[in-house]
Each structure stands twice: as C-alpha cells, then as structure tokens.
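Contents: one structure, followed by commentary.
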Amino acid sequence: MRRRIPEVFLGIGFIGIMSTLFLGLNWAPSVSIDAFESPAAQRIFYWHVPSAWAAFIAFGVLFVGSALWFFKRSPFGWRLHVAGTEAGLACGLMTVWSGCVWGAAEWGTPWDWTDVRLNTFGLLTLLALFLVLGRQSQPDGVETRDTFSTFGLYGFVLVPFTYIATRIWQIRHPGPVIGAGDDGGSLQSSMALVLLIGALSFTIFIIGHMMISMRITHLEQRLEHAQKRLDGGN
Amino acid sequence: MPASLLSLVDIEVRRGMGVVLNGFNLEVASKDVVVLHGKNGAGKSTVIESCARLLPLEKGSIHHHGSLVVDSEGRRSLAKHPFGLTLQSNGLLGDETVENHLSTVCSLSGMKTDLLPLLDAYGLAHRRYDRIGQLSGGQVRKVAVLAGLLPAMLSPEPRLVLLDEPATGLDESALAALSLNIRQLREAGHGFVIASHHPEMMKCATRLHNLESETLQEQPKAQPWQAVGVVENISLLSTRTGHRYLRSTRAGIARNGLTGLLVLGALLAFIDPVSLDKPLLVGFVLAAPFAAGLAGDPVVYLMREQRAGDWWRAHVNRLPAADFFAPILGFILSGLGSILFLDAFNWKLSLIGAAVLWVTLLCVRFIELSTLRLARPNAVFIRLLLPILILPWALVVEYTATL
C-alpha cells in the first residue's frame, strides 16, 4: 500500500483540481462588473492562483534539493532537485498560460515586459525549463549536478522577489488579495473557499507528482548503474 | 633539499559519477620528472587538470611553490610563479598565429625572447606567422608542447611544467627535441608532471607513477638548459580585452555587429519612423545594441575552440573578453539607429546604447561561463534565461524617452 501513496496523492489532487474548476466556473459568485474589464475571465484565477502556489512549493523543493546536493552531495537531494524542476515547470507553465489568458481578456495584452511580477515569475518558469532540458542534454555526473544545483540555489532568490514584487511595484499584475493586511484586498467567503480547495488540491497533486518523479529518477539511476556494471565499470 | 614546486595533499576529484582520485598525494620538487602512466581512465589527465586549477576538489588542496592555488573549500588563487601547461586538447585558438600565441605565453611569464631558434628546433620556423588553424594536427601539437615548455625555457628560476600526452602526434625529430628539452630543463632545476604512455617520455622520468605507486629511475647527466628569457613586463591589455582576437577574426563584427544591423534593417523594413511616437522610436534605436549584446561575447565564443578557454582559465582568473569592443559597437549601432529613426545623430542615445550593449554582453557572458564545466556546454539551453534582460532594457527605454 505504501508504494501506492504517490498515486493516491495524484488521484486525490486531480479530483480536487477538477472540483475546483467546477466550483470556480459554476458555483463561485462573479466579481463586480465595474471593477473589471472582463469579469467572466476572472474565474481563471481559481486555476491561476493555486497553480502559482504549487509552483512556489515546487521551487522551494528545488532549492532544498539543490542545497542538499551542492553542500552534502546527497543523492536524495539530487532526486528532490529533479522532482522540483519538473513540478515547477509544470505548475509554472500552468500559471503563466492562465495568466496570459486573463491578461489578454482584462488588459488587452497577454504579457507586459515592464511588469516585475510577470517577468520574475516568467523567469522562474524558464529556469525550470532550462534545468529540465539542460539535464536531458548532459550526461549525468558531478559536473552536471553541480552546475544545475548552482542555478537552482541562485534561482530561488527570485521566489521571495516575485512574492514581494506586487507590494513594491504594482505595474500591471494585481496586488495581493490574501494576506494583504487590513487595507488590502478581500475575498467573499465562498470565493476564498474555492481558492482554498484549489490550493489544497494543487498541493496534494504536486506532492504526488514529485514523489513519482523521485521514484523515476531513482529507477533511472539504478538502470544506469546496472548498465555501467555491464560495461565493466564500478 | 630541492624546492617544492607542486604538492597535492590528499586530493579527491570526481568526474562524471565516479571518484577518479581518492586521497591522492604527490610532491614534485625541482629536478623531478614525474611521468604518470596508469591505464586509460585511471586519472592521469585529471591530475594534470587539477594541478592547473581546472577541476574543483572534493577534498584536499594543491599548492604551487608552497602557495595554495586550489582547495576543496572553493579557494582558487593564481599561481605566484608562471607554469607551463599543455592540455590534451591543445587549448589553442585557430585564428591566432604561432608567434602570437607563444608571445602571449612569454607575456604571461613577464618575459620576452627570440622565438625563432625555439621554433626551429621543432621544425616550425617557417610557420611562425601562420595561423594555428592552417597547421596540420602534428604541427598544432608542437605549438601546444612548445607553449607548455616556454615558461621553463625562459626562466632561470625553477618552474613547474604540466604536460598531458605531449608525445601524441609528434614526429620523430620533434619527439627527440622534446626529450632533449625535458632532460636539459630538468638539469636546470625545473620540475615536470607528464601524463603519457609513450616509451620516450617514460625514459625521461625520474619517477614513474601509476597513480598507486611509483618507481624511481636514474637519469644520466645532461647539459643544463640556459634560460633564454629577458625580463620585460609586456602589457596583455590587447589580449585580455579580446582586441587581438577580434582584430584577427572579426568575430565581433560577424556575430554582434551583424545581429545589430539585421535588427535595424528588419525594423526599417516594415515601419515608417515618421508615424511613431518617441518612446517607440527610442526602443527601436536601443533594440539594435540590445540584440547585439544578446548574441553573446564573441571572445568567449572563440575560446570554446580546442578548450582555449580552459588554457586561459588555468593561467588567469578572468578570461579575455570583448570589453572595449562592446561599448564601441553599441555606440555605433545606436548612433546609426538615431540617424535612421530620429533623423539626427544623438550622442546621449549613443552613449546609452553603448552602455546597453556592454551590460547585456556582460550578463550573457556571466550566464554562459557558468555552464562551461558541463560535459556538453553547447547543448545546454542557456539562452532560455535571457528574457530576464528584457525588463531592465524596457525600463531603460522608458527612462531614455523622457530625456
């Protein structure tokens, strides 16, 4: 049963995400039509915000994995690094894509190169893409792991920077609606509930995703080790 | 007791997923010729490259002339005395002339000499002014070997020489010259670490080392080498700023210059400048230097040839880079852009364009150099990270439009 835990997480997370989508599109109340250019498009937030939340969790795992490999030479740390990059890429792309859809409807443009939040988050996603593609292009070895772990460590600087970006420079991306303090934005309880279900579902899903990813990396390493033994190496 | 030229203290080096050297110790003193002769993959080249500061250490430290040059804590210092280095992959740029490369080696040693007799001994005198790219494989190897021996040939003080498979590709006369030079230089007090299986090189050894144990070997007396160098501090500014490489290869024009001109041309092809407002026009003017900067440092690009960058990295802390070329090209491209889009030369915009290209190039260079340690640095998708430069560029454009 313990071997099935990742699949269980993935399944529960998937059902939760689908429920979030259903509730967000059909049950949650609409926003004020005066405050938004395109009020209906706002419903994509029930996808956008939880996926961004899950992306931050994945980038956090990437940071921890990179640090464990870089400073402790921990194979477990490298597996965390790989899982964090893959999950970060998946969630980052979901966030960027949904943000672009909303931006196109609300702002009239899917992207703004002068908005700090958009650019730093976009770069985080590109960093994850770079790490995934880069790792596939290189033979596994200490040189590869050291280089990509360094990128993982330094890249994490962007996470707090992205988080505070809208608090310092609010250019296009809206400011925080949760945890913004007394004078910040506020959400109706039903909206907050759907967002909460979304955040929980994405979190469970991404944990399952990373556990499976770590298992696959472990199997890849065992396969490579077995091949080396067949080649006559150590 | 002879002076210690090199000491490796309990070093551990990993390559790929394996530990190549584990707890390895080596002491090389004046008049030592240590020939490393283990089987393939035993770690001979790893020893040479570690001594040249090219590989990070997992454990231990390496000292040249008693001073730390690299250790497992990440400390990396320049060797206080010049040393000779011949990499297995030569480390030469095809666009340099033979004379240019050897003169650079002399300059790094703070000396000069008449190169002709040295070149003559290796049958290269007639190739002195030829580009390395025009030479045969064997001749290129001779240049690399001679460049490795030069710091010792120039100096009356003991120097360390690291040679990785120096005999590979050499003809009989060059091999005889190399053996003779090694014996003469050893007699003059210089120390060698040579990775080779070649019988001729093994005959030169005072210590044969198979990376586990070593055997001492007596050497007959030889005529000591008379140092041929004259102390002269020659500025390496032209080389370190990449000017010399860019002048001979025109790589800067080919990569960055043409990229900038193509962007200008493309913008002009479909857009009528008269119909646009000022911020957009400023953006168009500064787009050319920005794109030229994104093309990357042309000198770093050249340095990828035959691991020339590694050869430089062993000797200096900062690789040659297009430091002068970048702002000049940025100034020219922005000046041209301001004439085309704003109908008049704008010196302020040109200066900002120079800064844009220089800073962009600096960032791209930093990102590219950070992947040099990878097994296949050209295969990595490093340019995926460059969009981060668009935001500061856009902010510069916005600011410049207000001037």
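The values are calculated or read from the model by the stated rules, or taken from the named source; none is laboratory data. Values in this document were obtained by computation on a predicted structure and should not be read as measured data. Quick reminder, even Gly has a Cβ in these numbers, built from the backbone with ideal geometry, and neighbours come from all protein chains shown. All accessible areas refer to the heavy atoms of the entire protein, side chains included, with ligands and DNA or RNA removed. Shrake-Rupley method; radii C 1.70, N 1.55, O 1.52, S 1.80 Å.
Just a few scattered comments:
- Of all residues in region A:195-234 being open to solvent by 60 Å² or more (accessible area, probe 1.4 Å) and not in a helix (DSSP H, G or I), the one that is nearest to A:Ala58 (Cα to Cα): A:Asn234
- Restricting region B:39-58 to residues that are more than 14 Å from every other protein chain (Cβ to nearest Cβ), closer than 20 Å to B:Asn210 by Cα and open to solvent by less than 10 Å² (accessible area, probe 1.4 Å), the residue that is farthest from the chain's Cα centre (by Cα): B:Val47
- Complete set of residues in region A:132-143 that are open to solvent by less than 20 Å² (accessible area, probe 1.4 Å), closer than 12 Å to B:Ala379 by Cα and either in contact with a Leu (Cβ under 6 Å, 6 or more places away or on another chain) or not hydroxyl-bearing (Ser, Thr, Tyr) (or both): A:Gly134, A:Gln138
- Residue that is surrounded by the most Cβ atoms within 10 Å (Cβ to Cβ) [pool: residues in region B:95-116 that are farther than 21 Å from B:Glu157 by Cβ and of a type in the set (A, V, I, L, M)]: B:Val98
For every residue, the table says whether it meets (1) at pLDDT 85 or above; (2) within 14 Å of chain B (Cβ to nearest Cβ); (3) touching a strand residue (DSSP E or B) at 6+ places or on another chain (Cβ under 6 Å).
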residue	(1), (2), (3)
A:Thr144	yes, yes, no
A:Arg172	no, yes, no
A:Gly179	no, no, no
A:Gly184	no, no, no
A:Leu195	yes, no, no
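- When residues of region A:109-135 are limited to those that are outside any helix (DSSP H, G or I) and in contact (Cβ under 8 Å) with a residue 24 or more places away in the chain, the one nearest to the other protein chains (Cβ to nearest Cβ): A:Thr114
- When residues in region B:127-145 are screened for being over 22 Å from B:Asn181 (Cα atoms) and part of a loop (DSSP other than H, G, I, E, B), 4 of them pass.
- Tally of residues being within 28 Å of B:Leu154 (Cβ to Cβ) and open to solvent by less than 80 Å² (accessible area, probe 1.4 Å) across region B:231-268: 12
- Candidates B:Val228, B:Val274 - the one that is modelled with pLDDT under 80 and either open to solvent by less than 70 Å² (accessible area, probe 1.4 Å) or not small (Gly, Ala, Ser) (or both): B:Val274
- Of all residues making up region B:349-403, the number that are polar (S, T, N, Q), within 13 Å of chain A (Cβ to nearest Cβ) and either open to solvent by less than 50 Å² (accessible area, probe 1.4 Å) or touching a Gly at 6+ places or on another chain (Cβ under 9 Å) (or both): 2
- For region B:17-38, a tally of residues being touching a residue at least 40 places away in the same chain (Cβ under 8 Å) and either surrounded by fewer than 16 Cβ atoms within 10 Å (Cβ to Cβ) or under 21 Å from A:Val142 (Cα atoms) (or both) returns 3.
- If you filter region A:83-107 down to residues that are part of a helix (DSSP H, G or I) and in contact with an Asp or Glu (Cβ under 9 Å, 6 or more places away or on another chain), you find that the one that is modelled with the highest pLDDT is A:Gly103.
- Residue list for region B:1-16, restricted to those being modelled with pLDDT of 90 or more and either within 14 Å of chain A (Cβ to nearest Cβ) or open to solvent by 10 Å² or more (accessible area, probe 1.4 Å) (or both): B:Ser7, B:Val9, B:Asp10, B:Glu12, B:Val13
- Residue count for region B:156-206 under the criterion of being closer than 19 Å to B:Leu8 by Cα, open to solvent by 10 Å² or more (accessible area, probe 1.4 Å) and not hydroxyl-bearing (Ser, Thr, Tyr): the result is 2.
- Qualifying position, being within 14 Å of chain A (Cβ to nearest Cβ) and of a type in the set (Gly, Ala, Ser), among B:Ser72, B:Ser61, B:Ser30, B:Ser89: B:Ser72
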